[in-house]
Structure formats: structure tokens, C-alpha cells
1. Tell me, what are the semi-axes, in whole angstrom and largest first, of the equivalent ellipsoid of the stretch B:52-189 as set by the roots of 5 times the Cα gyration tensor eigenvalues?
2. With every protein chain left in place and a probe of 1.4 Å, what is the accessible surface of C:Y161, to the nearest 10 Å²?
3. Ordered by residue, what ³J(HN,Hα) values in Hz, to whole numbers, does the stretch A:30-39 give under the Karplus form 6.51 cos²θ - 1.76 cosθ + 1.60, where θ = phi - 60° and Gly and Pro are x?
4. Using a 1.4 angstrom probe on the protein heavy atoms only, line up C:L151, D:L197 by accessible area, largest first.
5. Considering the alpha-carbon set of the stretch A:179-238 alone, what are its Rg and its Dmax in angstrom?
6. Where the convex hull is taken over the Cα atoms of the stretch A:17-78, what is its projected area averaged over directions, in nm²?
7. Ignoring ligands, DNA and RNA, how do A:V52, B:V218 rank by accessible area with a 1.4 Å probe, largest first?
8. What is the list of residues in the stretch D:104-125 whose amide nitrogen lies under 11 Å from a point 7 angstrom out from the Cα of D:T19, following Cα to Cβ?
There are 4 protein chains.
Amino acid sequence: MSEHLLRDAVPRRAPYPGTARRLAAEALGSFFLFGTVIGSGIMGETLAGGNVAIALLGNTLATGAILFVLITMLAPISGAHFNPAVTLTALIRREIGAGEAGLYTLVQLAGGILGVWAAHLMFELPVIQFSTHVRSGAAQAFSEGIATFGLIVTILGTVRYRPAWIAPAVGAYISAGYWFTSSTSFANPAITVARALSDTFAGIALPDVPLFLAGQIVGTLVAVVLCQWLFVAEPDEG
Amino acid sequence: MSEHLLRDAVPRRAPYPGTARRLAAEALGSFFLFGTVIGSGIMGETLAGGNVAIALLGNTLATGAILFVLITMLAPISGAHFNPAVTLTALIRREIGAGEAGLYTLVQLAGGILGVWAAHLMFELPVIQFSTHVRSGAAQAFSEGIATFGLIVTILGTVRYRPAWIAPAVGAYISAGYWFTSSTSFANPAITVARALSDTFAGIALPDVPLFLAGQIVGTLVAVVLCQWLFVAEPDEG
Amino acid sequence: MSEHLLRDAVPRRAPYPGTARRLAAEALGSFFLFGTVIGSGIMGETLAGGNVAIALLGNTLATGAILFVLITMLAPISGAHFNPAVTLTALIRREIGAGEAGLYTLVQLAGGILGVWAAHLMFELPVIQFSTHVRSGAAQAFSEGIATFGLIVTILGTVRYRPAWIAPAVGAYISAGYWFTSSTSFANPAITVARALSDTFAGIALPDVPLFLAGQIVGTLVAVVLCQWLFVAEPDEG
Amino acid sequence: MSEHLLRDAVPRRAPYPGTARRLAAEALGSFFLFGTVIGSGIMGETLAGGNVAIALLGNTLATGAILFVLITMLAPISGAHFNPAVTLTALIRREIGAGEAGLYTLVQLAGGILGVWAAHLMFELPVIQFSTHVRSGAAQAFSEGIATFGLIVTILGTVRYRPAWIAPAVGAYISAGYWFTSSTSFANPAITVARALSDTFAGIALPDVPLFLAGQIVGTLVAVVLCQWLFVAEPDEG
């Protein structure tokens, strides 16, 4: 069974990258991913003249596209998690150590929050702010559970059977998730926290964060268990 | 001539998966596909402020994207039918047995209806509901005939000549079909029945279902016959 | 120098297909291509509530997607021309004979017009109609010249250097062309004639057809000459 | 270490192309790229009835699509820079000589400005015009710095690890950039100058050009330094 399934999604042609480069890749990717989620939300809301569907179209397009780009170039270095739910998945599957998983989560948060603040700077908004966007209720938690479950299944299934397509698959999954879930598929605990720091289109009020995190963690765990059976690693694969 | 053309679209690296895993893959894929069709329709209609074209753009983007994702990761297990018209095609071509075809159809319906109900739950709508969206008349049946004919031709042609591109090809075909047919290309008997259980954007009133099914079955049969000649399997392919 | 450059864009695994299958592939592809151009135009115009940009977005998405699908599966049979400008290019480059080129053009027109009429039937419009959509003036002819020049350069360059990407490249080029040219990039003499038979979003008044054809032919010829030098076929390629 | 990293992104099957063909490829690509940016902006603004978000959607779609097409077919000849910031990157990395870099920049500007003028001609606007679109302030310069930094990182990372995906990666990056930066990611000094010559949707007033150029150059330099470490060229790659 492959020890480093997620990291090996894209064949590496270089020696195994060191920790500093792996953490830098996670930080850089989270910076651009979170910055894009927030920035394109601001752009969409500003330009769409009140039509939220059009704002969401721009938000979707930008998020899906940047995910494709970031995973394409950074997966060979760090595995391109940008998401503690993915890092948790790798931890459970013993593809990453507990210490490294903690560091991954830290730089995802740090890099991502810098990305949110960079978006505020670009759009001349106050850097430090807190969202007032209420996203509460059991349906939202259920929605995040479904969204994160689907994301982890997508990653594990695609890495298992079609590793070269992991970048477009994740970009496409999140693009769909923005529309088929009522919560617009945050599906990422770090981005949930970071979005609480932006009182813009993609924000979430701080009191609603725990509910989202709960849904995301449950979704992750259910997906990991299911995939252990569904995408079974055959012995002939070494 | 290849015995399992549809299932082998994506090269498998694992032993032939057992029936339970194949049925689970069909149920899981149908859950996300049907849930996306309904969920993104609700999202689009809710946000678009009455502009149906914008709602349809979101519905199209989400459906095309999730089809690409689901086929990419599940085709190696079950063939990624998610559609009794595709299963019927495989049955006629003797790529699947009658018993397995029946089970496929059952889990497509069951998984798909659960997906519809999950979408209702996410958007805080009553789980059990029935569509009142009238889609009647010969033009609608003709439209479904064309839509399903094109889908089956797309699958058989792409699997025949460019199997690695089957996932983006089917996603792109349905994306186009949402716009070039007047019925928005259901092209799937199971999704037609499941949509009757949702009084939302993507729904269809129950009395109109038989007409859609008739168009879909005729379109499937004509496509199978045409492709038997057009995409001929040469003997040199074993 | 490759004799059948366009036809070999996608590697064939089968014996060279006979004339009947090649013509059938051209007719089938033109049927779906032209039907999609007209059908998605009707859908967009009907739903967009007067916002022509939104209608054009749907029209663009559907046309780009169906081009990708049709070229993917039909290029191995006929070369997936669906366009007399492409057939003319193949004729000048001696990749197709004059007789076959004439037959290609005939079935492109016949299959395409059937596609237009099928779109009318699907949307319950009179089958036989004539466009009143005026598209006149030198700027429109210049626009068609640029559009067709770019299409032929795209085909010859991609077939020359990255043949596996020909289907997404042509789909993407026409998607861009719908927006960067003032004529919305017909770039196809057969579709120009067929669009004159539809008094809908994508139509063109019959008196304006010759101007479009002139621009398309000039654009084709300039592209063929430029590419003969720019995408030179080196002797080491056999 | 690879001497011609950018140029070799797409495997060439032909002898190394001569200077004339390389410059022609840069001019041709810049012509279509800049023409598409301006032309699709005009189209979007004209049709969108004042909804700037819809205009930007069309502008984004067209620009991303044409970048994918142009890089796919022209990278094997010239490296498909179309952008002095990319040429500067190649110069710093000693993948191109100073003389050739100067010629590249000249033909990017010349070809690109012809593209802008061609767009004006297609849309029946005065060929010679100057933008009055004010885009001033430190936030815009910061935005261009981020945008160009991300573009250079995308190019160097993708060329390093997944060279076959460079064309879709750059197209997707710029599509995202149009939405996540407040300046809509010009990220290209030549296009910045050329856009000053168009008083349309995508224009920029001449006095604001130096600020954009400054941001772009700083972003380029920071990216080159970071990537020298992050995407390290291992000795085992020859």
C-alpha cells in the first residue's frame, strides 16, 4: 500500500522536498486560494448590482480555476492540501505524521489569513474586520457535511484511479459544490475560520463557525471510512 | 470485440471490483449527480432574481462539473452509468448481464432519490414533494429523443476512440444539452423519475414523465443501432 | 510530410474508415453543431429577459462544449471538419481529394440544415423560416476574416504540435471568438448559410451571407499561406 | 539544469525554430491575445446593459480560452510569452539572451497594438484612441504586484512539474485573476501599454500606466527569487 498517496498524486521528478519547502507550498497555496475566494466574492458583489447569482458565478469560476492551478503546480511539493480536512485524511491514512499535520494546519491558517488580508488591501477595505454574514442552522451543518464528504471522496477516488486528473477534479468538484449545497461548500476548516475575518460576500459570522467545523469533520470521517472499502488498495499495487 | 467496453473506459489497475462495490459506486454517483441537478437548480432559482437564464447557467456549470468528477473517479469501478439508458445500452451490447442491469437501475433510482431528498434537506425544503412543473407536448419528447441519442453516441464514440476523455466529454455534452434542447436534456430515465419528486427549478410534473421516458428510450435504441455501424469494432482490437 | 494531417489529429486504432462512414460522421457532427448553435441561441434569448450578454454566455458555453465533444469522437473517422473552410484547407494542403471535399461540403450543409430544423422542432417554431437579422458592413466582413484566419491557424498549429489537444483547442477558440469579434465568429461557410434559415438569435439575413462568405474565404487563404511557413513540417517527421 | 525551460514547456518535435519564426509567433499570439482582451471587453460592455459583472464574465471566458489556445500551439515555437514580464523572467534565468529578449518585447508590443486596433476596426470604433479609464492608487499597484507574482509562479511551477498542463494553467490563472484582484490582473507590461490605446471596457488611462508597470516588475522579481528556491532544479534532471 502506498505510504504517501496524496503527495504522490502528481509524479515527482525531484528528490523528496524538505519540510521548509513543503510548508512554504502549503502557505503559498492557501494564500492564493483563500485570497481568491474572498477577492472574487468582493469583485462579484461589487459589480453584480445586487444579482447574487451573477456574483456567485464569478466567485465559482475564480475558485475552481485557482484550485486547478494551485494543485497542478504545488501537489508535487506538499500534496496541495490547503485544507485541514485533507491533512486530517492524510493523517488517518498514515500518509503524514502528527507533527507535520499540525504544521500543515498552522501554515494553512496563517497563509490563508494573509491571503484574506491581501484581498482586503487590493480592494481598499479595512484589513482587520469580522464577518456579520449569518449562516446558521442544522441544514447548513448538514450541507457542510455533504460538501466535505464529497470533497474527500473526490480526492481519494481520483488519486486512486486517475492521479493525473486530481487538479481539474478538485476544481470541478468545488465549482459544483458552490451551487448544489446551501452553504456554498466551504468544505475546509481553515477557510471557514479565515472567512470569519472578512465582512464581505464570502464571509461567515464567527458564532456560526463551530457548526461548520462540526459538519466538515463528520463529513471527513465518514468519507475516509467509506473510501477505505470502496477504493480498496489492491496488493498488486505494492 | 471488447466485452466490457463501457466499464473499461478508464484503465483499471485493480482486480475486477465485486458486485457490492459496483452497486455502491452507482448509488454514490447517482446520489451526487441527482443531488447536484436539484440543488444547483434551487440555488440558481433562489439567487437569480427571476432571470431564468442565469439560474440555468449555474445549473449547467454545476451539472457538467460534477459529471466530470463522478465519471473520473467511479468509471473504473462501475462504469459510471448513473443512468438506465446507459445501462440499457450496455445490456444490448452484452457488456452487462440482465440481472446486473436490473440491480444497476434500482440503485441508480434509490441513490438518486436520496440525493434529491438530501438537496431538499440542505435547502430546508420539505423532503417529500411532487413537481408541478409542466413539460408536455411532442416537442419535449422529440427533444429528449435527440438529447439521449446524442448522449449515447457521445459515450460510445468517445469510449471507442478516446477513452481517457470520457469524463470531460460527457460533462461537456450535458452542459451543451441543457441549452440546445428545449427540455434541457434530462436524457436519463432515473433522473426523470427522481425530478418528479422535487417541486423546484429542475422538477417535472409526474404526468409528463412517461413522455420523457418514451423519448429517451427511442433515442437510446436509435443511437445503439447507428453506433454499431459508425463506431465499428475492428477485429484487430481483440 | 504527413499526407493526412487533419484526419490523423487523433490517433486511429482502426482501419481507415470508408467514405460512407466519413460522410456520416461529417453529417452527424454538423447536425449537432449547427443544432446547438441555433438551439442554445433560442434558449438564451427566451430565458435571458432581454439581456443579450447572458444569452450569448449560454450560446458560447453550449457551442464550445459541443465542439469539444464532436471533435473528440468524430475526428478519428472524418477529421471532424463540419466546416467547408476546414475542408478547403485540407484540399489546398492535398490532404483530401477534390471529389471528397465536394461531398464533405454537401453533407456538412445537409446535416447542418437538418440540425437547424431539429432545433426549430424542439422549440416548437416553424421549421422553415428565414432570418431577418441584419449583419452588414465591411467591419463584419473583416471580423469574419479575422475569426476564420484564427480558426485555421488554431487547427493547423494544434494538429502540428499538440494533436491530442485539438478538440479543446477548437472549442476554446470559438468560445473566445463569440466575444472578441463583432460578428460572433461564424467562421464557417456552411453554418453561415444554415443560419440564414433561422429567424432566431443566431440567424443572419440572406443578403448578408455573401459578405460573410467572402471574409471567411480570405481568412482561410491567408491562414493557409502563413501556416505553411510558420508551422513548417520538418523532414525528420516523415 | 535545463537551459531553455520556458521554451521547452511543450515538447518540440521539430528542429529549433529560427528567430523570424519565433518573433512571428510572439507577434501573432500577442495580436490575438490583446485583441481578445479589448474585443471581448467591448462586446461585454455593449451587450450587458450596464451589468459590469456580466461583461466581466464574457471578458474572462474569452481571455482564458484564447490564452489556452495560443499557448497550446505557439509555445513549441517561441515559448508563448506574449508578455515582457515573462520574457524578463526568462532573461534573468538565462533562458533567453538580452538581444532576443528586446526583440521579443518589441514584437509583443507591436503585434499586440495591432490586435487592439483590429478589435476597434471589428467593432467600428475609431482606430486611434486613448483610454480615460482611471485605475489609480496604491491598492491597484499592489494588486498588479500580486497578480504578476502569481502568474510567474504559475508558469515556473507548472513548467517545472507538469509541463503538459502549462496552457490550461495559465488560462485558468488569468481567469481567476480577473476576479480576485481589484485591477483585473493585467499582469503584463505590454498589454498595459496597449490598453492605454483603447477607450473601452478594458482600457487604462495613460497616467496610470507607470504605476501598473511598477507593480508588475516588482511582482515578477519577487516571484523569480522565490521560485529559484521553491521549484528547485535537482541535479538528477540533467
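The values are calculated or read from the model by the stated rules, or taken from the named source; none is laboratory data. Please read all numbers here as calculations on a predicted model, not as lab measurements. Heads up, the Cβs are rebuilt from the backbone with ideal geometry, glycines too, and the neighbour counts pull from every protein chain shown. Accessible surface areas use protein heavy atoms only, side chains included; no ligands, DNA or RNA. Shrake-Rupley method; radii C 1.70, N 1.55, O 1.52, S 1.80 Å.
1. Working: eigenvalues 116, 72, 54 Å².
Semi-axes from the Cα gyration tensor: 24, 19, 16 Å.
2. Approximately 20 Å² for this residue.
3. 5, 4, 6, 5, 5, x, 6, 4, 6, x
4. Details: C:L151 10, D:L197 35 Å².
Accessible-area ranking of C:L151, D:L197, largest first: D:L197, C:L151.
5. 15.9, 51
6. Details: hull surface 15.1 nm².
Result: a mean projected hull area of 3.8 nm².
7. On the way: A:V52 60, B:V218 90 Å².
Result of the area sort, largest leading: B:V218, A:V52.
8. D:104
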